[in-house]
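Q: Let me give you the structure first, and then I'll get to my questions.
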Amino acid sequence: VIALDPGHGGTPDNGHPEIPFDPGAIGINGLLEKDLTLDIAQRVRQLLAQDLVQVVMTRDSDRYVSVEERSQAARQAGAALFVSVHLNSWTDPTVGGSLVLYPGPRSVPFATVMGQALQKRLAALGVENKGTELRDNWWIHATMPVVTVEGAYLTNPQEAALLTTASFRQSLAQAIRDGIESFDPVIARQKSAITAWNSAHPAAVVSVGGAGRTSGTVASRSRVPGSLLWVLAIVTGAVTLWYRRRICAFALSLRQRYGAVDGLGLLNGWAPRRRRQVRRRRAVAPMARGPRPHSVYDDLWF
Ligand SMILES: [Zn+2]
């Protein structure tokens, strides 16, 4: 599960002045950061869904969401990574480029990979990556690696013009997808495993929905961890082994009562007490081998 967080959101409502709103930065061409972040995050979600990744969105419409609600949504969904999508702004219109912010040392590797992915996709379009930057007042309590992608500058005329085009927003979304997938190779491995399973079982195709939905199969499989099944199997095996005599004795009593139960004749000639005696005699037998002087122990039974 990947958490996507479209920055800002909400529209002022005169009927409800108590509801907060946050448009984010406003572009020199009138674009609003909150609209672009939602559009880009939805594109990333669609791209990730193609690779069978489950996505949780902290908002999926134009509404105000607090920082706590955003963090909680990611935690509750068990997200492995958190990507907050923003667009930058500055007083100097010549300043441009993409930037990746991270809250602490734990997120540095993810931020580095994300910066490289942005550079690879966007440099050719005129948006250079300016690297990574520590921003230790955002997402500092997150339980997973976090990056904030500042995709471009809304105050830079060239970049603001690029952001009006769907093709640039798609490239930015592809870059974010690339960053997530190169940092987390499990995605590619699981995708190929699911694809292989699906082609082997055409009647029961496993799919992962684009809007954070999952099919019942994937959901129920992921909710029961493999380790739990192993523990159950081992416990069942141990209990069966421990009570094997009682189970066999029960089966034997069934056979005596209903002769036809043991149709295969598996219990023919089986008697628990006789076996136990045979095993004991075997354990004692080597001591009796070979000539040796008679001792007082030979008269003892144990
Ligand atoms: Zn922002």
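Q: Whole-Hz ³J(HN,Hα) for each residue in segment 124-130, computed from phi via Karplus 6.51 cos²θ - 1.76 cosθ + 1.60 with θ = phi - 60°, x for glycine and proline: what do you get?
A: 5, 8, x, 10, 7, 8, 9
Q: For the pair residue 256 and residue 108, how long in nm is the line joining their label points, each one 7 Å along Cα→Cβ?
A: About 7.5 nm separates the two model spin labels.
Q: Moving on to the next point. Based on DSSP, what percent of beta bridges with both residues in segment 26-169 are antiparallel, to the nearest 5?
A: Of the beta bridges lying entirely in segment 26-169, close to 30 percent run antiparallel.
Q: Hey, rough spin-label estimate for residue 91 and residue 235, points 7 angstrom out along Cα→Cβ, what's it come to in nanometres?
A: Those two pseudo-labels are separated by 6.5 nm.
Q: A follow-up question, please. Enumerate the calculated ³J(HN,Hα) couplings along segment 67-82 in order (Karplus 6.51 cos²θ - 1.76 cosθ + 1.60, θ = phi - 60°), each rounded to whole Hz, writing x wherever the residue is Gly or Pro.
A: Couplings: 4, 4, 4, 5, 4, 5, 4, 5, 5, 4, 7, x, 5, 7, 9, 10 Hz.
Q: HN-Hα J couplings of segment 151-166 from phi, Karplus 6.51/-1.76/1.60, θ = phi - 60°, integer Hz, Gly and Pro as x?
A: With coefficients 6.51, -1.76 and 1.60, one gets x, 6, 9, 6, 8, 8, x, 5, 6, 5, 5, 4, 5, 6, 8, 5 Hz.
Q: Quick one: which residues, 5 or more positions from residue 84 or on another chain, have an amide H under 5 Å from its amide H? H modelled 1.01 Å from N in the peptide plane, none for Pro or chain starts.
A: Answer set, sorted by chain and number: 5, 147, 148, 149.
Q: By how many nm would the segment from residue 22 to residue 141 lengthen if fully extended, with 0.36 nm per residue of separation less the alpha-carbon distance?
A: Once the chain is fully extended between residue 22 and residue 141, it gains 40.6 nm.
Q: Could you tell me what percent of the accessible area of segment 8-86 is made up of carbon and sulfur, with a 1.4 Å probe and every protein chain present?
A: C and S atoms contribute 51 percent here.
Q: In a shell of Cβ-Cβ distance under 13 Å around residue 31, excluding residue 31 itself, what net charge do Lys and Arg (+1) and Asp and Glu (-1) give?
A: -2
Q: To the nearest 0.05, what FRET efficiency results for residue 123 and residue 204 with a Förster distance of 41 Å applied to their C-beta separation?
A: That pair, residue 123 with residue 204, gives E of 0.40.
Q: Right, another one. Per residue, how much accessible area does segment 25-153 show when a 1.4 Å probe rolls over the protein heavy atoms, in square angstrom?
A: Each residue of segment 25-153 exposes 45 Å² on average to a 1.4 Å probe.
The values are calculated or read from the model by the stated rules, or taken from the named source; none is laboratory data. No experiment lies behind these values; they were computed from the predicted model shown. Cβ sites come from the backbone with ideal geometry, for glycine too, and all protein chains shown count toward neighbours. With ligands, DNA and RNA removed, areas are computed over all heavy atoms of the protein, side chains included. Shrake-Rupley method; radii C 1.70, N 1.55, O 1.52, S 1.80 Å.
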